[in-house]
Amino acid sequence: MADSINDYRTAAAELARRVAGAVLLPGDEGYAEECATYNPAVPNNPAVVVGAAGSSDVQAALAFAKDHDLVVAVMNTGHTTVVADDRALLITTRRMDEITIDPVARRARVGAGVRWQQVADAAAQHGLAPLNGSSPLVGVVGYTLGGGLSATMGRKYGWASDHVTALDIVTADGQVRHADADAEPELFWATRGSKSNLGIVTALEFEVFPVTRLYGGVLIFPGDQAAAVLRAYATVTAQAPDELTTSIAFMRLPDVPVFPEPLRGTFTVHVRVSFLGGAAEADALLAPLRAAAPIVLDTVGDMPYTDFAAIYSDPEGPAPFAERTLSLPPLTDDLVAQLIASIGPAADVPANIIELRHLGGALRETPVGAGAAGLRTSEFVLWVVTVGGPDMTGPALRWTGELFDGLRPWALEGKHLNFIGREDLAEEAVRAAYPAATYDRLARAKAKYDPANVFRLNHNIKPAA
């Protein structure tokens, strides 16, 4: 173990000569930028950060960590809940940005630093589209290894992790392994749903789909119409075909630049829509919503798939935030009434965004060859987000606990892994992301591939005893 910063510097200088990417220590130029996350409330202050350019760099970094008794964290694009402190080595993968599209096999192969907009743009050149999330800036690998809930086509095609066909991964022993249905099948199963618990994925291959356009956009309503809109939304989702993927969000946005100018300082209700079909069918499905209340803005219409980011308009810049999540069943009348009482216009709500994402459809299915991604029973995931520092997020998190207490009669067991923020990042929350048998099998895989729990700065699964 190195016992001084000078010892680290000497060893790090040697490591830098062996890798193609960057090796940085606290105080070095570029260190803060390399460690920066999308959420500045999640501090990363590792003893060493390695900006890996490929698998051999990851191997060298793991060997360094072992020699210096450092735990290892991995960060793809900064959308992460991981905290790497001064007893950790952080590996960033954003330099691994290669993309290959096979239009015949309808597959994409991407490096670990690739983001969803890059894949959508590359696939579109061949009339294809991926199972991306709502933000164009989210990394493909971290999103997919957590299950991958597509905001555009999830209900039609299911979890993104189930459509992975192969992956390259560096395990804790420093080996580069190729895993697919035939090679390392248990590692292949377990990695697709356990994030970085079993190693650092450097490349991912997955299916893409023959989709070029969406009928999508957003319906925005005044906040004082929340009750009517939520009741209409319950009607729409109860009869929605799998081709319709939606969410509804109660948005109380602060007056800060990270949010669009017209919405700052307002309370509005947003229904986000993505439909794989034509205008006439979509308009018929959405008619109850359009008739429910006056509409502030209606952008729903035909769009090229590559414009998917316009549906959610997620912030592009970083902002500190805290989040919590809950799983819910279909929106019955009594559940809708409870939600309106708790988060409607008459409620005192310190949280900025309260979103219900509609699941169901193919997201309920466990296809042959599926990965370990756990929850396939809930109809909605409720996601509560508050932007700001501890003076704002602290009270909001306490209020969120009260909100969840009020929803307890309807709440379902389990959490969706990609929605578990650091506020819920405890062993019981991670266990809740899987059926018991799945978690036990993952713990056995962890014992095989990472028995010392080197990769524990994550949604950690402890090795089976």
Lys and Arg at +1, Asp and Glu at -1: neighbours of Gly146 with Cβ under 13 Å from its Cβ sum to +2
For Lys446, give me every one of the lysines with a C-alpha distance below 16 angstrom, ignoring sequence neighbours fewer than eight places off in its own chain. Lys195, Lys462
Rounded to the nearest 10 degrees, what's the angle between the helix 436-449 long axis and the longest principal axis of the chain, both from Cα atoms, 0 to 90? 20 degrees
Return the whole-Å distance between the Cα centroid of the range 334-406 and the Cα centroid of the range 112-128. 29 Å
Modelled label-to-label distance, Ala279 and Leu25, 7 Å Cα→beta-carbon offset: nm? 6.3 nm
Once the Cβ-Cβ distance between Ala426 and Ala287 is put in as r, and R0 is 56 Å, what FRET efficiency do you end up with, to the nearest 0.05? 0.80
Distance in nm between label sites at Leu412 and Glu33, each 7 Å beyond Cα in the beta-carbon direction? 4.4 nm
Using only the alpha-carbon atoms, how far is helix 226-238 inclined from the longest principal axis of the chain? Give it as 0 to 90 degrees, nearest 10. 80 degrees
With axes computed from alpha carbons, what is the tilt in degrees of helix 279-290 against the longest principal axis of the chain, rounded to the nearest 10 within 0 to 90? 70 degrees
Hits in the range 262-281: amide N under 13 Å from the 7 Å Cα→Cβ extension of Asp298, namely 280
May I ask you to compute the full-extension gain from Asp307 to Phe404, defined as 0.36 nm times their residue separation minus their alpha-carbon distance, rounded to one decimal in nm? 31.5 nm
With a Förster radius of 25 Å, plug the Cβ-Cβ distance of Thr212 and Thr165 into 1/(1 + (r/R0)^6) and report the FRET value to the nearest 0.05. 0.70
Please list 202-211, 258-267 highest first by mean number of surrounding beta-carbon atoms within 10 Å per residue. 202-211, 258-267
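Using 0.36 nm per residue of separation minus the Cα-Cα distance, give me the extension gain between Glu261 and Glu14 in nm, one decimal. Mind showing how you got there, number by number?
Details: separation 247, 0.36 × 247 = 88.92 nm, distance 4.93 nm.
Roughly 84.0 nm would be gained on extension.
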So what's the net charge close to Asn45: Lys and Arg +1, Asp and Glu -1, counting the other residues with Cβ under 9 Å from its Cβ? -2
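What FRET efficiency do you get for Lys66 and Asp224 if R0 is 60 Å and r is their Cβ-Cβ distance, rounded to the nearest 0.05?
Working: r = 59 Å, r/R0 = 0.98.
Taking R0 as 60 Å, the efficiency between Lys66 and Asp224 is 0.50.
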Projecting the Cα atoms of Pro463, Thr245, Pro46 onto the charge dipole of the chain, where Lys and Arg contribute +1 and Asp and Glu -1 at Cβ, the residue farthest towards the positive end is Pro463
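Where does the chain land at 222 nm, in deg cm²/dmol rounded to the nearest 500, when only DSSP H runs of n ≥ 4 count, each adding -39500 (n - 2.57), divided by all residues? Don't skip to the end; give the middle numbers.
Details: 14 runs with 134 residues, N = 465.
Helices in the chain give a 222 nm mean residue ellipticity of -8500 deg cm²/dmol.
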Fraction of beta bridges assigned by DSSP in the chain that are antiparallel (%, nearest 5): 90 percent
The range 80-104 versus the range 12-33: alpha-carbon centroid distance in Å: 16 Å
Along Cα→Cβ, 7 Å out, is where each label goes; now give me the distance between the ones at Ala452 and Gln239 in nm to one decimal. 6.1 nm
For Ala341 and Asp391 in the same chain, what is the full-extension length gain: residue separation times 0.36 nm, less their Cα-Cα distance, in nm? 15.5 nm
Calc'd 3J(HN,Hα), the range 163-177, phi into Karplus 6.51 cos²θ - 1.76 cosθ + 1.60 (θ = phi - 60°), Hz, glycine/Pro = x, comes to 9, 6, 9, 6, 8, 10, 9, 9, 8, 4, 7, x, 7, 8, 10
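Read-outs: derived from the displayed coordinates by stated rules, not from any lab. Quick caveat, the model's predicted, so the values are computed rather than measured. Positions of Cβ are generated from backbone atoms using ideal geometry, with glycine treated the same way; all protein chains shown enter the neighbour counts.
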